[in-house]
Amino acid sequence: MKWNRLSFSRGLVACLFMALFGAVASIADGNHACNVVVAENHDDLLPLRNLVDRQIVLVNIGESGNTVFQDYCSFYADLETIDTKDTRIHEIDKDALVIAAVYSVSKASVETYRGLLKDHDVVAVFFISEKSVAEFEGHDSPEAVILAGDAFDQSQIRAAEAIFGGDNISGISKTRLGFATPESKGFSPRMEARIDSVVDLNIRRRSFPGCQVVVVKDGDIVLDKAYGHLSYEKGAQAVNNRTMYDIASMTKATATVAGLMLAYDKGLYRLDDPVSGYLPRLKDTDKAGITIREMMHHESGLPSTLNTYALMVDSASFTGRLLKYKCVAPYTVKVDKGVYGNKNARLRTDIFRNRRCEGYKTEIARGIFGGAQMKEVIDSAIYSAKLGSKKYLYSCLNFCILKEMEEKLTGVAHDRLLDRNVFQPIGAYSTMFRPSEKVSVACIAPTEKDGFLRRQTLQGFVHDEIAAYSGGVQGNAGLFSTAEDIAKLCQTWLNGGSYGGVRIFSEPTVRLFMTEKSTSSDRGLGFDRATRLRAMAKIGMPESVIGHTGFTGTCFWIDPENDIVVVFLCNRVNPSRDNAAFNELVPRTEIMRIVYDSLVK
């Protein structure tokens, strides 16, 4: 199953802007032309700027059910949607901004509209003929008026863009991602079909059950598509653009690097400072001289990961070895390819409980609770890890330490810092740590069926063991997101640090973090570089392309030279990380190849 936010756009072509109440956005698809006008905009309310703490309610007048306008407004903002038959229309907060979407000229529609104007600041959007708009005039006036002329899909999309700055419409500045056709941005019209083919093959071969793909060019989304289902189980829910994925090690770049950028902007550290200067626990150890730059380049000498199985298992729960490389009783639980765990092994009873109670309040999987002692076991193992030579070795531990340093410097918990200062301001409302505490797990793609220690299919709980046993918030992994949200963050960096008219990072900081690279490994400051990867390098991308991948099958890539963003999210570890098809079909590389092959030379 495919779901495409731009499915209407096949054959859609850009038309000339015309003069009507100023500039008019005009697009067409064969017989229908769409002209969207911002006729009023008091105090330059549009495009809406800072969305943090702003309550927005969309009221559909004369239309029930989901609308294209509603869907596209929801792309930009976390808003509540109601229609005139909903009793909540009489309970809208006085301070809320109301977007009144008018689809009907009935007497009831006029009365509802005028009632909203009496009590609220209103952005009026008329999906009716301009002649009929006069019926709605009254004593009170809206803060902004958008005339769409009709309710065709294109008109509804352009109206949403006008409100939130997705395009330059009637003098409204473009401040956020908009929507365009691949052809209008210089891509071959075959790009979407070719990506469809690659994804369909991967789903059939069980490389992954479903995925999301977003391609952005010049600040406009040209492909935004969801494929497949949450899992291979019968009756599994179809993936949509709001399905959240565990993005695994993409967390390093999208969360920890973002947090470090915020701290760098405040002058709280220098890249060549020893990390021990900010984390006293590292002083008087063999790690005292490791610099922040070395950790971000993965050149600290720290090992790649921890043996969390050995740390978290109750040694009294089994006899013999914990793991073997042969499936023979009692080593019958498959942990990885060719690795089998002792079926009798259980989590430590001294640091875990099967219900929430005092000291054990953090749920790290369904029905498994830990607390401060659990995280201290992980922290102690990280800080006491044996140090090797200072050469490139990709290490999760570097970013666990950098995350703790960021928290010490800012005085704010990592997840709260990012939510308040990055994700919420750019409208990345589906991006968060520990999503099972905030949203229904039904909208989160499940990852692996862990039959060894957690003994369940993980859904809404982070797959990565270090992050899980750290309580779900860690510097190496733990973030959940959608491809659309990641695209917003990537565009923020392409914009030099601003999005939606709000500055998130300073331009010098963004430029430094996006261009810095190690002379020995070609690794960036927390970012990977496409040219460092052999398969990606053959595609012919510029040397400036940066991004990151994730163990669960995710990736994003930013191309500053061509102004391109590509985001791919899937759950290739469902039901197991031992997934030969994903490694054989290399969908991440193939999608990037198609994107660059499709650029019209």
| message | Of the conditions (1) in contact (Cβ under 8 Å) with a residue 12 or more places away in the chain; (2) open to solvent by 10 Å² or more (accessible area, probe 1.4 Å); (3) closer than 23 Å to Thr482 by Cα, Val600 satisfies every one except a single condition; which number is it? | response | (3)
| Which residue pairs have Cβ atoms closer than 6 Å, lie 6 or more positions apart in sequence or on different chains, and pair a first residue in segment 64-82 that is of a type in the set (Val, Ile, Thr) with a second residue that is assigned to a helix (DSSP H, G or I) and modelled with pLDDT of 95 or more? | Val68/Asp153; Val68/Gln156; Thr81/Gln70
| message | Any residue in segment 481-494 that is over 19 Å from Ser506 (Cα atoms) sitting within a Cβ distance under 6 Å of a residue that is polar (S, T, N, Q)? List the pairs, counting only those 6 or more apart or interchain. | response | Ser481/Thr431; Thr482/Ser430; Ala483/Gln212; Glu484/Asn241; Asp485/Ser430; Asp485/Thr431
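Restricting attention to segment 392-444, and to residues there that are hydroxyl-bearing (Ser, Thr, Tyr) and touching a residue at least 24 places away in the same chain (Cβ under 8 Å), which single residue is nearest to Lys361 (Cα to Cα)? First the steps, then the outcome.
Keep residues of segment 392-444 that are hydroxyl-bearing (Ser, Thr, Tyr), which gives 392, 394-395, 410, 429-431, 436, 440.
Subset that is touching a residue at least 24 places away in the same chain (Cβ under 8 Å): 392, 394-395, 410, 429-431, 436.
Values: Tyr392: 38, Tyr394: 32, Ser395: 29, Thr410: 25, Tyr429: 25, Ser430: 24, Thr431: 23, Ser436: 14 Å.
Among those residues, the one meeting the criterion is Ser436.
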| query | Does segment 486-499 hold any residues that are open to solvent by 10 Å² or more (accessible area, probe 1.4 Å) and either out of contact with any strand residue (DSSP E or B) (no Cβ under 7 Å at 6 or more places or on another chain) or more than 15 Å from Asp563 (Cβ to Cβ) (or both), and which are they? | reply | Asn495, Gly496, Ser498
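Conditions (1) farther than 29 Å from Thr447 by Cα; (2) free of Cβ contacts under 8 Å to residues at least 60 places away in the same chain; (3) open to solvent by less than 10 Å² (accessible area, probe 1.4 Å), marked per residue:
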| residue | (1), (2), (3) |
| --- | --- |
| Gly547 | no, no, yes |
| Ile564 | no, no, yes |
| Pro575 | no, no, no |
| Asp578 | no, no, no |
| Val586 | no, yes, no |
| Tyr596 | yes, yes, no |
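Residue-wise test of (1) touching a residue at least 24 places away in the same chain (Cβ under 8 Å); (2) surrounded by fewer than 19 Cβ atoms within 10 Å (Cβ to Cβ); (3) of a type in the set (Gly, Ala, Ser); (4) not in a strand (DSSP E or B).
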residue	(1), (2), (3), (4)
Phe208	yes, no, no, yes
Tyr227	yes, no, no, no
Arg281	yes, yes, no, yes
Tyr309	yes, yes, no, yes
| Mind checking whether some residue in segment 67-88 is touching a helix residue (DSSP H, G or I) at 6+ places or on another chain (Cβ under 6 Å), at pLDDT below 90 and open to solvent by 10 Å² or more (accessible area, probe 1.4 Å)? | yes
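Please determine, by comparing only the residues of segment 388-404 that are of a type outside the set (D, E, K, R) and in a loop (DSSP other than H, G, I, E, B), which one is farthest from Asn476 (Cα to Cα). Steps first, please.
Our first condition is that a residue be of a type outside the set (D, E, K, R); within segment 388-404, this holds for 388-389, 392-402.
Next, from what is left, pick out any that are in a loop (DSSP other than H, G, I, E, B): 388-389, 392-395.
Working: Gly388: 20, Ser389: 21, Tyr392: 17, Leu393: 14, Tyr394: 11, Ser395: 9 Å.
Once the filter is applied, the top-ranked residue is Ser389.
When you scan segment 286-293, do you find a residue that is under 30 Å from Val441 (Cα atoms), touching a residue at least 60 places away in the same chain (Cβ under 8 Å) and surrounded by 17 or more Cβ atoms within 10 Å (Cβ to Cβ), even just one?
Within segment 286-293, the first condition is being under 30 Å from Val441 (Cα atoms), and the residues that meet it are none.
No: segment 286-293 contains no residue that is under 30 Å from Val441 (Cα atoms), touching a residue at least 60 places away in the same chain (Cβ under 8 Å) and surrounded by 17 or more Cβ atoms within 10 Å (Cβ to Cβ).
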| remark: Exception for Ala248 within (1) farther than 17 Å from Gln474 by Cα; (2) under 31 Å from the mean Cα position of the chain (by Cα); (3) assigned to a loop (DSSP other than H, G, I, E, B) falls at (1)
| Do you know which residues across segment 556-601 are among the polar types (S, T, N, Q) and under 14 Å from Lys538 (Cβ atoms)? | Thr589
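Please specify each residue of segment 562-592 satisfying the condition of being among the β-branched types (Val, Ile, Thr) and closer than 15 Å to Lys334 by Cβ. Talk me through it step by step, then tell me what you get.
Going residue by residue through segment 562-592, those that are among the β-branched types (Val, Ile, Thr) are 564-567, 573, 586, 589, 591.
Residue satisfying the conditions is Val573 alone.
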| note | Residues of segment 51-66 being within 17 Å of Val125 (Cα to Cα), open to solvent by 50 Å² or more (accessible area, probe 1.4 Å) and within 27 Å of the chain's Cα centre (by Cα), in sequence order, are Asn66
| query | Does segment 398-413 hold any residues that are crowded, with 18+ Cβ neighbours inside 10 Å and over 18 Å from Pro280 (Cβ atoms), and which are they? | reply | Asn398, Phe399
| request: Just need a number here: residues in segment 358-382 that are part of a helix (DSSP H, G or I), open to solvent by 50 Å² or more (accessible area, probe 1.4 Å) and not acidic (Asp, Glu). | output: 3
| query | Of all the residues that make up segment 405-427, how many are β-branched (Val, Ile, Thr), within 14 Å of the chain's Cα centre (by Cα) and in a loop (DSSP other than H, G, I, E, B)? | reply | 1
| note | Going through segment 314-342 in order, the residues found to be touching a strand residue (DSSP E or B) at 6+ places or on another chain (Cβ under 7 Å) and in contact (Cβ under 8 Å) with a residue 24 or more places away in the chain are Asp314, Phe318, Val333, Lys334, Val335, Gly341, Asn342
| request: Quickly run through segment 349-376 and pick out the residues that are farther than 28 Å from His548 by Cα and aliphatic (A, V, I, L, M). | output: Ile351, Ile368, Ala372, Met374
| Only one residue in Ser436, Ser430 is among the hydroxyl-bearing types (Ser, Thr, Tyr), assigned to a loop (DSSP other than H, G, I, E, B) and open to solvent by 10 Å² or more (accessible area, probe 1.4 Å). Which one? | Ser430
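For Ala385, indicate whether it is in a loop (DSSP other than H, G, I, E, B), open to solvent by less than 30 Å² (accessible area, probe 1.4 Å) and within 17 Å of Glu465 (Cβ to Cβ). Quick ask: steps written out before the conclusion?
Working: in a loop (DSSP other than H, G, I, E, B): yes; open to solvent by less than 30 Å² (accessible area, probe 1.4 Å): yes; within 17 Å of Glu465 (Cβ to Cβ): yes.
Yes, satisfied.
The values are calculated or read from the model by the stated rules, or taken from the named source; none is laboratory data. Given the structure is predicted, the values throughout are model-derived calculations rather than measurements. Methodologically, a virtual Cβ is constructed for each residue, glycine included, from the backbone with ideal geometry; neighbour enumeration extends over all protein chains shown. Only protein heavy atoms, including side chains, enter the accessible area calculation; ligands, DNA and RNA are left aside. Shrake-Rupley method; radii C 1.70, N 1.55, O 1.52, S 1.80 Å.
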